[in-house]
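Student: Just passing along the structure, written as structure tokens.
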Amino acid sequence: MERTLAIIKPDAFAAGAAGDIISAYLKEGFNIVAMKLLKLSYEEAAGFYVVHKDRPFYGELCEFMSSGPIVVLVLEGDNAIEKNRKLMGPTDSTKAEEGTLRHKFGTNLQNNAVHGSDAPETAEFEINYFFNALEFIK
């Protein structure tokens, strides 16, 4: 079993899509082993996205991710990272295939509804950024 972090971003939360996205995770066969609703500060978003600190979009990304509530989840399942990346679709929602979360709920490159870890090392950092051992149901 593998774990991955998933985030329902401020745009999707504001649009009332959180329930539909959570339902999609469950229908895809993921076990949700941790979940919480948060409102990140700019500094908390900056710490999470530190890997992008030298990219031109970093400031805008941190502003966006601290602009409203988010839902962070830990999804568990076989090949969870790859399976979630497929379910999400490409980063740019305008290029996402029908049936993906970003096609259904995203609107553009930044407002793309969801985030998911891209590798086991990233998943470990991201999960530990938001959750401690006592917050898991398994």
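Here, each number is a calculation from the coordinates, and none is a lab measurement. Keep in mind it's a predicted model, so treat the numbers as computed, not measured. Cβ placement follows ideal geometry from the backbone for every residue including glycine, while neighbour counts extend to all protein chains displayed.
Student: Grab the DSSP H runs of the chain that are 4 residues or longer, score each as -39,500 (n - 2.57), total them, divide by all residues and round the 222 nm result to the nearest 500 deg cm²/dmol.
Tutor: Value at 222 nm, helices only: -10500 deg cm²/dmol.
Student: State the Cα centre-to-centre distance between region 1-77 and region 92-128 in whole Å.
Tutor: 9
Student: Here are several values of percent of Cα pairs over 18 Å apart: (1) 69; (2) 52; (3) 49. Which one was derived from the coordinates shown?
Tutor: Given (1) 69; (2) 52; (3) 49, the calculated one carries the label (2).
Student: Still on this structure, please answer the following. With an 8 Å cut-off on Cα pairs and a minimum separation of 6 or more residues, tell me the relative contact order of region 2-131 in percent.
Tutor: Over region 2-131, the number comes to 37 percent.
Student: Okay, moving on. Could you line up 100, 4 from fewest to most neighbouring Cβ atoms inside 10 Å?
Tutor: Listing 100, 4 from fewest to most nearby Cβ atoms yields 100, 4.
Student: So, in nm, how far is label residue 14 from label residue 107 when the simple model puts each one 7 Å beyond its Cα toward the Cβ?
Tutor: It is 0.7 nm.
Student: Further question on the same structure: For region 2-131, with only Lys/Arg (+1) and Asp/Glu (-1) charged at the beta-carbon, what is the dipole magnitude about the Cα centre, in debye rounded to 20?
Tutor: Dipole about the Cα centre, nearest 20: 280 debye.
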